Amino acid sequence: MHVIVVGCGRLGSELAVDLETSGHSVAIIDKNRLSFQRYLPDRWSGRAVLGFGFDRDALEQADIENAGALAAVTGGDNSNIMTARIARETYEVANVVARIQDPRRAAIYQRLGIATVASVAWATDQVMRRLTPDAHTVEWTDANGALSMVEVSLPPAWAGQKLAQLSVGDRYRVAVISRGGSGRLEVENAVGQEGDVLHVMVQRDARQELEALLDNGPEDH
């Protein structure tokens, strides 16, 4: 997948290197040419674009038309959100995440379909989860490995559907819904919304069954 990182500070450069190491093609944008020299390693083989993340010329130099994900991680909330909205609304990039300084804004951005990570909780692995949501992240596993909790970004086919359909006996069960920056324990009557993140308990031999149900949508269940 091609990924664009906007902001070549310590965080953005670390994220870009991690993505490239994971096998993705990466372009990084920054307004300061010296940032590339200061933070990118000598072995960096990705693309470095001088400019602003909300500038369409810079985004197109970074090949946004072929990007599957974008992370806006500069030090400015407004710049990050402008960049994220352009990526989502103009170029229809599937996976977009923005770094924010003010976590109180998170719910607003979630309604726009933009995942956010507050600076106080920042970690590159959290951003990686949101840029590559198809890779369900295992958050916890019991001692013998039979039962796990996985984090799943709700697929579009499940928006507007009852999430109780994702709980099947002792096979798998939705434990928590993260929505708008808050966790919800009441899932029995919950209806999925775009931007939801599910935390699902699943038996080891039911992982493929759960993934098929998520991918195919409720009509095929």
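Restricting the range 147-164 to residues that are more than 19 Å from the chain's Cα centre (by Cα) and under 16 Å from Gln203 (Cα atoms) leaves a set whose member that is surrounded by the most Cβ atoms within 10 Å (Cβ to Cβ) is Ser148.
For Glu186, the conditions (1) modelled with pLDDT of 85 or more; (2) more than 18 Å from Ser148 (Cβ to Cβ) all hold with the exception of (1).
Taken over the range 15-27, residues that are surrounded by fewer than 18 Cβ atoms within 10 Å (Cβ to Cβ) and either outside any loop (DSSP other than H, G, I, E, B) or of a type in the set (Asp, Glu) (or both) amount to 3.
Taking the range 195-205 as the range and being crowded, with 16+ Cβ neighbours inside 10 Å and either farther than 11 Å from Arg173 by Cα or out of contact with any strand residue (DSSP E or B) (no Cβ under 8 Å at 6 or more places or on another chain) (or both) as the test, the residues that pass are Gly195, Asp196, Val197. Can you tell me which residues in the range 48-106 are assigned to a helix (DSSP H, G or I) and among the charged types (D, E, K, R)? Within the range 48-106, Arg56, Asp57, Glu60, Glu65, Asp77, Arg85, Arg88, Glu89, Arg104, Arg105 qualify. In the range 30-46, the residues that are on the phi < 0 side of the Ramachandran plot form Cβ pairs under 7 Å with partners that are charged (D, E, K, R) and modelled with pLDDT under 90, at six or more places apart or across chains, as follows: Tyr39/Arg10. Applying the set (1) part of a strand (DSSP E or B); (2) in contact with a His (Cβ under 9 Å, 6 or more places away or on another chain); (3) surrounded by 16 or more Cβ atoms within 10 Å (Cβ to Cβ) to Gly183 leaves exactly one unmet item: (3). Gly169 meets the conditions (1) on the phi > 0 side of the Ramachandran plot; (2) under 17 Å from the mean Cα position of the chain (by Cα) in every case but one. The failed one is (2). A single entry from Val17, Val93, Val97 fulfils the requirement of being outside the structural domain of Glu194 (by TED's automatic domain parsing) and in contact with a Phe, Trp or Tyr (Cβ under 8 Å, 6 or more places away or on another chain): Val17. Does the range 113-132 contain any residue that is farther than 27 Å from Val96 by Cβ and either at pLDDT below 85 or touching a Leu at 6+ places or on another chain (Cβ under 7 Å) (or both)? There is no residue in the range 113-132 that is farther than 27 Å from Val96 by Cβ and either at pLDDT below 85 or touching a Leu at 6+ places or on another chain (Cβ under 7 Å) (or both). Residues in the range 39-64 that are at pLDDT 95 or above and among the polar types (S, T, N, Q): Gln61 only. Check the range 28-38 and report whether any residue there is at pLDDT below 90 and either over 11 Å from Ala62 (Cβ atoms) or in a helix (DSSP H, G or I) (or both). Scanning the range 28-38, I find no residue that is at pLDDT below 90 and either over 11 Å from Ala62 (Cβ atoms) or in a helix (DSSP H, G or I) (or both), so the answer is no.
The values are calculated or read from the model by the stated rules, or taken from the named source; none is laboratory data. Predicted, not measured: the structure shown is a model, and the values here were computed from it. All Cβ positions, even for glycine, are placed from backbone atoms using ideal geometry, and neighbour counts span all protein chains on display.
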